[in-house]
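Visitor: Provided herewith is a single structure, encoded as structure tokens, for subsequent inquiry.
Laboratory data are not the source of any read-out in this text; all were calculated from the coordinates shown. Quick caveat: nothing in here was measured; it's all calculated off a predicted structure. No Cβ is skipped: glycine too gets one built from the backbone with ideal geometry, and neighbour counts run over all protein chains shown.
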Amino acid sequence: MFVVDAGRIEWLLAAIRGTPADDETMPVRICLACVEAMPVDGASLSLMAEEGHRERVGSSDETAAMGEELEVTLGEGPGVEAFASGRPVLVADIEGPDGTTWPTFADGLAAMGTRSVFAFPLQLGAVRLGLLTLTSRSPGSLSADDLADALRVADVTSLLLLGREGQLVEDFDERWLDESTWTPEVHQATGMLMSQLKMGAAEAFVRLRAFAFAADLELSQVAGRVIARRLTFSEEDA
Amino acid sequence: MDRERQLIQALVGLADTLVDDYDVTDLLHELVEHCVDLLSADAAGLLLSDQRGGLQVVASSTERTRLLELFQLQNNEGPCLDCYRSGEPVLVPDLATESEHWPRFVHEATKEGFRSVHALPLRLRSETIGAMNLFKAHSGALSDEDLHVGRALADMVTIGILQERSIRRTETLSEQLQGALNSRVIIEQAKGVLAAQGSLDMDTAFSRLRRFARNHNRHLRDVARGVVEGTIELAQVVGVSTTSKGRGSDGS
């Protein structure tokens, strides 16, 4: 959740904003933009709840969608592991030794013509939101720059998912892209609000963010006040 | 205990951890403590590349250092940043001499009571994945011995990060770095929950988290997650104090 050097993903922000002529939903636009901007052939976005329920909300094309479905059907694969572990799972060649972790999945994916899979959990610490999966028809790792871009996409998409009931928020505050926003105090304040308001982490973060917006303050400023106990939230505010 | 024995004990402890199922988050915190003990530092911190162009703190001996390191990063100056970029140690026996080089960093560090700062790179072959930062309240150089010990500890950090899982995939470094960074966020969230719940300061909240993990033989990361997800009873982690209620600032 750091989004450093956000200038590099202007293409993503443009896709998020969209144009009046767009037919596609935001998740689909994001997937299409990933394929356009990065050396990948497919992209897919899923929302995931803790209970394991997974809902695909967008794919760049049929193959990407099928790859997602395959993993859901089998209950195994890089995406499943990424979501559970909180780490990206990067498989440069599904037909190589790395793919032997999920043999059935690897065979199925290869049969669709996909050779590399890069799965990124969408999360904010302990708040697990969903999954971004990028695929390619040819084997090979993401370069350091492409990896950085993919991580930035994951960060931004995670923020978009922290809205009402896990639905993608339509408005995106570009101040969130400023790395100085993401201080440890912001995460600590989220935890404090969870306790003060008796709510989950996602809700608490959204509340914190909403307060900052309404008070026209930086998120990190509000967080600082919460930590210093100069600002307390009570259940009446909820 | 003399340093040699201390060092051997630290190495043996770390080696034991590496052959067992371990949590890299625990390991990084132990290593940062060893830095303080073995190198006579007043504060120490570990920073890792977030692979997006930034450095993030993943472990620190106190909250104070955190402020500094984050500050340093945001202003794009400081020995730690230089160390990460160059891949070489950046040793500053007397901060005052560098006030033109890093004006804001020196100002803030001095304000916090530090007089010397040393940064050692975390290297993996040709790549620098982060830096180890040592802060001291007294000015003075690191001895050659200190540098050797520091390098050994830095290497252990890198090994610890990579070895947490059996290396089956070539992309392990990236996966591990991102995992460590996310674990850090979970820990911060958990600290907040405990701080509010138990009216504790952040340092104490963290101590209680670690104590619970140790007492129940669980990984720090898992306990932190449990605290945030609500699957662990908060009262158990906060602990029942037999002394007066109110803000706890003990070292336990």
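Visitor: Under the rule a/c < 1.5 gives rounded, and otherwise a/b versus b/c splits prolate from oblate, where does the range A:183-227 land using the Cα gyration tensor?
Guide: Numbers: a/c = 1.99, a/b = 1.33, b/c = 1.49.
Oblate, because a/c is 1.5 or more while a/b does not exceed b/c.
Visitor: Just to confirm my numbers, what's the Cα centroid distance between the range B:177-219 and the range A:101-143 in Å?
Guide: So the two Cα centres are separated by 31 Å.
Visitor: Let me ask something else. Compute the distance in nm between two label points, each set 7 Å from the Cα along the Cα-to-Cβ direction, one at A:GLN221 and one at B:ARG151.
Guide: Placing both labels 7 Å beyond Cα along the Cβ direction yields 4.8 nm.
Visitor: If R₀ is 35 angstrom, what is the calculated FRET efficiency for the pair B:ARG211 and A:ASP5, using the beta carbon separation as r and rounding to 0.05? Mind dumping the intermediate values first?
Guide: Values: r = 39 Å, r/R0 = 1.10.
That gives a FRET efficiency of 0.35.
Visitor: Computed over the Cα atoms, what is the radius of gyration of the range B:3-164 divided by 2.2 N^0.38 Å, N being its residue count?
Guide: Details: Rg = 14.8 Å, N = 162, 2.2 N^0.38 = 15.2 Å.
Normalised Cα radius of gyration, the range B:3-164: 0.97.
Visitor: Just grab the label-to-label distance for A:MET112 and B:ARG3, each label 7 Å out from Cα along the Cβ direction, in nm (one decimal).
Guide: Calculated label separation equals 5.8 nm.
Visitor: Let me know the mean shielding of B:225-233 by other chains, meaning the per-residue number of their Cβ atoms within 10 Å of its Cβ.
Guide: 3
Visitor: Can you give the FRET efficiency to the nearest 0.05 for B:SER143 and B:THR97, using r as the Cβ-Cβ distance and R₀ = 30 Å?
Guide: E(calc), rounded to 0.05, equals 0.95.
Visitor: When you look at the Cβ of every residue in B:46-53, what mean number of other chain Cβ atoms sits within 10 Å?
Guide: The shielding value for this peptide is 5.
Visitor: Using every pair of alpha-carbon atoms in the range B:178-238, split the distances into 5 Å bins beginning at 0 and state the percent of pairs per bin, rounded to integers.
Guide: 4, 23, 35, 26, 10, 2, 0
Visitor: Sum up the lysine pairs in the protein assembly as shown that clear both bars: alpha-carbon distance under 24 Å and a spacing of 8 or more or different chains.
Guide: Step by step, the pairs that qualify in the protein assembly as shown add up to 4.
Visitor: Take the protein assembly as shown, compute every pairwise Cα distance, and split them into 10 Å bins from 0; I just need the percent in each bin.
Guide: Per 10 Å bin, starting at 0, the Cα pair percentages come out as 4, 19, 29, 27, 15, 5, 0, 0.
Visitor: Could you calculate the contour length gain from A:THR232 to A:ASP146, that is, 0.36 nm times the residue separation minus the distance between their Cα atoms, to one decimal place in nm? Could you put the intermediate results ahead of the total?
Guide: Working: separation 86, 0.36 × 86 = 30.96 nm, distance 4.13 nm.
Full extension of this stretch gives 26.8 nm more.
Visitor: Now for a separate question. Over the alpha-carbon set of chain A, divide Rg by the Kirkwood Rh and report the Rg/Rh ratio to two decimals.
Guide: Radius of gyration over Kirkwood radius for chain A works out to 1.00.
Visitor: Given Cα pairs under 8 Å that are at least 6 residues apart, what percent is the relative contact order of the range A:48-153?
Guide: 26
Visitor: In addition: From other protein chains only, count the Cβ atoms within 10 Å of every residue's Cβ in B:173-185, then give the mean. Walk me through the numbers on the way to the answer.
Guide: Details: counts 1, 10, 7, 2, 2, 11, 6, 1, 6, 10, 4, 3, 13.
Partner-chain Cβ atoms within 10 Å, mean over residues of B:173-185: 6.
Visitor: Next up: Test of understanding: what is the full-extension gain from B:ASP37 to B:LEU18, defined as 0.36 nm times their sequence separation minus their Cα-Cα distance?
Guide: 4.8 nm
Visitor: Something else about it: Give me the extension gain from A:THR100 to A:LYS198: residue separation times 0.36 nm, minus the current Cα-Cα distance, reported in nm with one decimal.
Guide: Using 0.36 nm per residue and subtracting the Cα-Cα distance, I get 30.9 nm.
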